[in-house]
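Each remark here refers to the structure printed beneath this line.
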Amino acid sequence: MASGALKKTTGLTGLAVAANPHHTLGVLYSKILRAVQKMPSNAAYRKYTEEIVKDRAEAVKSTPNIAELERKIGCGQVEELILQAENELTLARKMLTWKPWEPLATEPVPHQWAWPPTK
């Protein structure tokens, strides 16, 4: 399908066809990148989210054909990618509030994260 041709349906209940997916994804990816850049550069969430989003943003810029873009990213239809990006932006903004990269307020109990649990 060419970038100018709109499909009639996504085939997914409740998910309408995106009118301008390249623009929408570009805006969302830019917002996500701006949010994660406010985090420390060594924060794991920032490092991995930034890497994925930069790759996807580059794919959006370099791939005008929607079907090819969907194949290149490999995570569903562009409408699903938009939904994923909206959710990621929401999470990135919450992470800025939560600050999981900061030290714990109190020391965890011994073996709190051990698996299988020890007695």
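Just a few scattered comments:
- Cα-based Lys proximity count in the stretch 1-97, under 16 Å, for pairs eight or more positions apart or on separate chains: 9
- Taking one quarter of the surface of the C-alpha convex hull of the chain gives a mean projected area of 10.4 nm².
- Per-q log10 I(q)/I(0), the stretch 3-44, q = 0.24, 0.27 Å⁻¹ (Debye; single scatterer per alpha-carbon; no solvent): -0.84, -0.94
- For the stretch 1-80, trypsin sites (Lys or Arg not before Pro) meeting the loop criterion (DSSP other than H, G, I, E, B) and having at most 14 other Cβ atoms within 10 Å: 7, 8, 38.
- The stretch 86-106-the stretch 1-72 distance, computed between alpha-carbon centres (Å): 21 Å
- Expressed in Å, the radius of gyration and Dmax of the Cα atoms of the stretch 72-115 are 16.8, 46.
- Spin-label model distance (nm) - residue 68 vs residue 19, 7 Å beyond Cα toward Cβ: 2.6 nm
- The loop-placed chymotrypsin sites (Phe, Trp or Tyr not before Pro) in the stretch 55-119, going by DSSP, that have at most 14 neighbouring Cβ atoms within 10 Å of their Cβ come out as 101, 113.
Since every read-out is calculated from the coordinates, none of them should be taken as a lab result. Fair warning: this is a prediction, and the values are worked out from it, not measured in the lab. A quick note on method: Cβ atoms are made from the backbone with ideal geometry, for glycine too, and the neighbour counts reach across all protein chains shown.
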